[in-house]
1. Just read off the accessible area of K924 with the full protein assembly in place, 1.4 Å probe, to the nearest 10 Å².
2. Where does the Debye-calculated log10 I(q)/I(0) of the stretch 428-631 sit at q = 0.10, 0.18 Å⁻¹, using only Cα point scatterers of equal weight, no solvent?
3. So how far, in whole Å, is the C-alpha centre of the stretch 137-194 from the one of the stretch 987-1012?
4. Give me the extension gain from T283 to Q497: residue separation times 0.36 nm, minus the current Cα-Cα distance, reported in nm with one decimal.
5. Among Y599, I619, L99, whose Cα lies farthest out toward the positive end of the dipole of the chain, if unit charges sit on the beta carbon of Lys, Arg (+1) and Asp, Glu (-1)?
6. Suppose accessible area is computed on protein heavy atoms with a 1.4 Å probe; arrange V1073, V51 from highest to lowest.
7. What percent antiparallel are the DSSP beta bridges of the chain, to the nearest 5?
8. Given axes a ≥ b ≥ c from the Cα gyration tensor, I'd like to know whether the stretch 307-423 is rounded (a/c under 1.5), prolate (a/b larger than b/c) or oblate.
Amino acid sequence: MAASAVCGRASLSGSTLRHAPTPAARIAVAARRGAPCAVSAAVALPVAGRVRFNESAAIVYKGVTDGSVAMVAAEYVDGTRTVTLRTAGILQPGTGDVLELHWGCVREGGGENADADAWSRPPLGAVLPLGTRDPTGDGIASRSAFAADGSMVLSFPPGVGDDVVRIVGIIVRNGTDWMEAEQGDLVVPVKTPSAAAVLKHLALGEVPGAGGAGSLFGRFSRINEKLTEAAATGPAGAGAVMATLRLSALRQLPWYAGGNYQGKDMAHMQQTVAARTALASATAADGMSRQLFRAALATLPRGGGNGDDIRLGILEIMREGGIKEGHRPGIEDPFLAQWHQKLHSNTTVDDVYICEAYLHFLEGPGRWEDFWTHLWTNHKLGREDLALMKAGWRTEGILGPGTHLPQLVNPIKHFYWILRTTHGGGNMDSAMDFARGHMPADIQAEIVDMLDNRDAPWVPNKIVELRERLSGTWRYGTETNRDVVLLDIAMEKFYRQKIEGMVTANLNPDQKLGLLEYAVRNTCVGGDFERMDAALAFLRRANSEECGLERWTLEWALVMDAALDSVSLAMEHHMDTLCALAQGPADVVGRAAGCDHRYLTNFGEEVVRGHSMFAVSKIHAEVMGAIRTAAGRSAWMVVSHGAPELNLFAGTVTVTSLADIQGQDFRSSPMVVMSARLGGLEDIPPGVTAVLTAAPVDLLSHIAIRCRQSGVLLAAMTEPGRWAELMAMAGVAVKLDVMGEEVVMKKSDLGVAASTTVAGPPTGKYIEELVMKLIPNANSPEWLVSPEAYAPGVVGNKSASLGTLGFSTTLSSYAMLSVSMVGEDLKVPGSCAIPFSGFDRALRADPTTLDKVALASAAVAIADDSGDFRLRRDALEVLRDVIVIQMKMPPELGPYLAAAAAAYGGSVTVPSLYAAVKRVWASKWNERAYLSRKASGVEEEELHMATLLMELVPAEMAFVLHTCNPLNGDQNEVFGEVCLGLGESLVGNEPGSAMSFTARKEKGFPSTIRSLPSKPVSHHPPGGKTTIIARSDSNGEDLEGFAGAGLYDSVTVDPTETRVIDYSKEWLVWDAVKRTALMAKLSELAVAIEEEMKAPQDIEGCIVGNTIYILQSRNQIF
């Protein structure tokens, strides 16, 4: 059959630069000479350059800002890379000043020096400014002069300097004035930054014995060097910075083991890092990066002040007080002598705490023990900690004792202020002191008033309002002042502490809802959480008069229930993401530094528990029960959905306390644990696939985060009667399925054959009670068949049912005659299918891949026989990769795919369509599918895969309808779910509720809402384009007694896009009349399809405008 009969050069974005490297001939000559070539940078660059880096840095000379330099790194289509520098305000006209760049290249892995920060000469073939001296001085650095206009261009032609990571340099004026950038050396990344490279650099710097390892100053210097690259790489780079600084702040990384520095250097470095991190927390491109930089800033001292005041201040105190200093005679005071050495060589925020304790000692009766007691009680610093604060040539650290000298109280108080200027800013009072004058006067006055009344009951809500107004200064204003950001962080922390310490037992649910709204507003101040922003809009409308519903009626409770569900889902998503982004780099940096692995294990979870979102979790948990009861919602509370394999086999139900089985391993016999109560801090033993409990679970508890991270189902059943029914399943091998808001537990037909997927190694025993009857391959000679040829043995039941519906006179009559369909249309999307024989024919046409598939299949069988589930999993992955990556398209198939693309695919290309088809074919060897066949006695050669090709309908809403209620087996009741966008949210069982309803099969189809929608995102065709979905259609799906849903893949040629849903604006929530009409129409349609198919149906469809599309209908499996 003819294919037509079956299916009825881009430019790079970014700034284009106009200057070029030398011509290739000049480069070749320089390469033959064995040196970089030095030429003028006034030659034209190739067009279409993309800017990879564009920043400006202030230049400082003798503590005074003296101009600036703009730095641009660009990359071109032909592979040329350039670095362009342009100074401003440094060269003074008519002075005859000579301005040069003293610079070097930093290479991957440190080049020959194996030092990640080592400078090296430019690579052979690099194009350097005319007159460049290479090398100069130390034999490593180069020296290049700026042009008269203050500009300079360094260029790396294609293939030259591919291992150069960045250019590092210092400006030199007249050969004597060394002018650093405000943040230290000038640094211009040449290669596109990667988060992995940032993390590697920070981790290698913590390896004991590495240069700068163990030094707080060295750590800040590394962070400062990598901040720009970290910001450019998104959340992963920001996570590396945050994890390193948090590990440091929590003393898991050493502070005093890596050398000395002057106080002025530390003050300047802290100020620079804090200011740059504050800027990143306000300007990073995505919200999660901003949050991570904000968390990093919260660990930093503010920096600034005059660092020399610390060194000179303690000297003045000792001299004015007559304290012995070195060989100078005076009062013996071992403590001051030791502390003086530390302050001179490596001052840190610890000195603020030491000063506090010393003041406490001076103002007391003179017991030195009081110093240690105060230091430990308030800051958890003890004798061992201070003994390790060694300075320079001194080896004893700070041991004391101090001499009681009350006359030093006032001088030490002044010195305390000097220390706080450099190291302080962590609490609200200090932060406010430093932020004064950097905000609008009215906000400043109200913050002062709030601080004066900090224990008043109105303060928590006032803090949120002030933070919202203050964000206009640091987040959305023209300048991001680090002290204002530090103040905002301190206010946020104080709010969280207030909420967590609040006694709410006497508050009614309405008051708690008001408190919750403010808590959510508190997390959304910076606009960093897109999903939570949408959830807040939903919550605010539901909790206000704008809702338009009488409070505590059923309809209002359903709306509020969906709003609270949106809040919890947003919270889980953002905090689970934060946890993962924190945990990974903490593991890498911590292992490099030799940190205690027991501390690292829960690092990410502790970051979450310290976030202000944790206050939301507390109030949410307190109010959710009352709302769910008023809404008539299920007694189930699903916290983690678990792995998809659980709907085949989850394990044996075991009634035990989760706390009693800590440290055990159940991978050889997977287990569903029923634990009446959870402490919240338990770990999940290997082999536990699901945890069911009778008590509510905190959404951000340790166990909740751990279950979501590890794919373990966690759900609470709070109704005693139903909990007892679950307990009666003890000892039974079960499968678990999350259907809407219900957790359905049934006896598993597959038994422990599936245990290797859900929990661990196989036992070598399995049950074969379920024997599937597969229709054999009819060996169709066609490459592509149209719907009228969808026949048994040619395609699977998915295609066959779609063909039946497309030619149904019953449905045609329904669409024309039904009152509910007036002005609307009913369609089945156009489609064609590659028959069962297509895969085998394509594979035989590619003998090389055929041989590789045979070898890979044999490897799967050997791995399976060995009992090593990991080996089998790897072998299956290799087999899939062989098909997806290496299998060639038969020439005969191309025209047919081209016809399908033209008919249904818009801009879809034949290669991209074939790639999607191969992924469908390869899904025959998904692990779940493989184990399902094995457990059901199906031989590999019996399973055949057809591929249904159809247009991806641009759904505005999608629905799933069951003509027999699957929750209670009532055949007189339709059960339906509706979501926004494509049906991926429904069939993929994504977290959150769909609009769920039941309707009686009676006149008018009276319906009952079970839940309103709360799924946080919707899925849509990419960019509004028309594309194709290649759907799996095997002879092992949609069978009598076995649905097989989700075992095999369906693949869109172009990936779908995700959009966050703002339910505060969706009629599906707010228009009851329109919603009721939709439920009646869908229920009537479901019954019509059931009549046509002559059996209860599981129906998938979607709605576009006034048209309903039926995408699939199969016999319902009970």
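The values are calculated or read from the model by the stated rules, or taken from the named source; none is laboratory data. Quantities reported herein were computed from a predicted structural model and do not represent experimental measurements. Neighbour counts run over all protein chains shown; Cβ positions are idealised from the backbone, glycine included. Note: areas computed on protein heavy atoms with side chains; ligands, DNA, RNA excluded. Shrake-Rupley method; radii C 1.70, N 1.55, O 1.52, S 1.80 Å.
1. Here the residue's solvent-accessible area equals roughly 20 Å².
2. So the normalised log intensities work out to -0.50, -1.26.
3. Their Cα centres are 65 Å away from one another.
4. Details: separation 214, 0.36 × 214 = 77.04 nm, distance 2.71 nm.
Using 0.36 nm per residue and subtracting the Cα-Cα distance, I get 74.3 nm.
5. L99
6. Details: V1073 120, V51 40 Å².
Listed by decreasing accessible area, they come as V1073, V51.
7. Values: 115 of 136 bridges.
Taking every DSSP beta bridge within the chain, about 85 percent pair in antiparallel fashion.
8. Values: a/c = 1.18, a/b = 1.09, b/c = 1.08.
Verdict is rounded for the stretch 307-423.
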